[in-house]
Amino acid sequence: MRGPCPGLNTLAFHGYLPRNEIVTPTQIINAVQNGFGMDDTLAVQLAYATMLVDGNPLMNLMSIGGKSSLTGPDPPKPAIVGGVDTHAVLEGDASMTRGDVFFAFLTFYIYMATEYRFYRIQQSVAENSTFSFISPRIVTAYGEAAAPFVFFVDGRKADGQLSIENALGFFRDGIMSDDFHRADGLKTFHLVDNSVDAISLKTT
Ligand code: HEM
C-alpha cells in the first residue's frame, strides 16, 4: 500500500519499513535514522507525533498508507486511527506533487522551493472552494518543502542541489536511485527548521 509521503514510501520500498506499510514507532525511528540520518530527537518526535494523530496507540501500530484493519481494533473516538493519508491531519490540501502538477513541480520546485510553496497555496485558494490549511497540516507542509533539500540530495553533491534523477526517484517512484548516497552527519530538527524559516519568511 502506497501512502502520500515520498520519504516513507521509499523507506518501505527499500525494506527499512515493512512492505505492507503497517509500522510501529520504533520501526519509523530506525528507518528514518538508517535511511536518512535523522538524529534521535527528530526521529522520536516524528514517530510518536504520527502515532498520536493517525495511529492506534493501544496496539502500537500505524499505517503509513490508508486506514487498515491490520492496526487492530480501533480505540473509541476521538481516536482517528485513519493512517497517514487521513485528510486534513498530516495529509492535506496544497500538496506539492500530488494532484495535477507533477511535472510543473519538478522544474519549478527544484530551483525555486520558496516561491513554489507559496504558489501551491495561492493556487489552492483560487481553485479549491473547500481549501483548508490549518494545523498540523500548515506546519508539516513547510517541513515537506524543506525536506527534499535536507534528505533527498546525494551526499556527494558539493552544490547541494537536488538532481532531477533523485527527485523523480523519490517523488514519482518512491525509490532511492541506484547509487544514491545519504548525506553524512545527523540531521536535526533545527536543520530542517532553518530551511522552514527561510521558506515561510518569504511566503507570509
Ligand atoms: C513519521 C514520519 C513521517 C510522516 C508521518 C509523514 C507524513 C507525510 C504526509 C501525510 C505527507 C503528505 C502531505 C500532503 O498532503 O501533501 C507527506 C509529504 C511529504 N513527506 Fe513525509 N512523513 C514522514 C517522514 C518523512 C521523511 C523521513 C521524509 C524525507 C526524508 C519526508 C518527506 C516528505 C516530502 C518531501 C513530502 C511532500 C510531498 C508532496 O508535497 O508532494 N517525510 N509526509
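The values are calculated or read from the model by the stated rules, or taken from the named source; none is laboratory data. Note that the structure is a prediction, hence the values are computed from the model and not measured. Cβ coordinates were reconstructed from backbone atoms using ideal geometry, including for glycine residues, and neighbour counts include every protein chain displayed.
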Go through the stretch 14-26 residue by residue and tally those that are more than 13 Å from Thr71 (Cβ to Cβ) and at pLDDT 95 or above.
-> 5
Among the candidates Ala12, Ala49, which residue alone is more than 20 Å from Gly174 (Cβ to Cβ) and not β-branched (Val, Ile, Thr)?
-> Ala49
Residue pairs qualifying under the 8 Å Cβ cut-off, at least six apart or on distinct chains, with the first in the stretch 71-99 being free of Cβ contacts under 8 Å to residues at least 40 places away in the same chain and the second being assigned to a loop (DSSP other than H, G, I, E, B) and of a type in the set (Lys, Arg), are Val81/Lys67; Gly82/Lys67; Thr86/Lys67
In the stretch 157-198, anything of a type in the set (Lys, Arg) and either within 14 Å of the chain's Cα centre (by Cα) or over 20 Å from Gln33 (Cβ atoms) (or both) is listed as Lys157, Arg172
Selection from the stretch 146-204 of residues touching a strand residue (DSSP E or B) at 6+ places or on another chain (Cβ under 8 Å) and more than 19 Å from Asp40 (Cα to Cα) yields none
Among the residues of the stretch 109-128, is there at least one that is modelled with pLDDT of 85 or more, over 19 Å from the mean Cα position of the chain (by Cα) and charged (D, E, K, R)?
-> yes
Do the conditions hold for Gln161, that is, is it over 26 Å from Leu17 (Cβ atoms), more than 13 Å from the ligand (Cβ to nearest atom) and modelled with pLDDT of 85 or more?
-> no
Among the residues of the stretch 25-69 satisfying the criterion of being among the small types (Gly, Ala, Ser) and over 22 Å from Phe149 (Cα atoms), which is nearest to the ligand (Cβ to nearest atom)?
-> Ala49
May I ask you to list pairs of residues, at least six apart or on different chains, whose Cβ atoms are under 6 Å apart, with the first in the stretch 22-35 being of a type in the set (Gly, Ala, Ser) and the second being within 9 Å of the ligand (Cβ to nearest atom) and modelled with pLDDT of 95 or more?
-> Ala31/Leu11; Gly35/Leu11
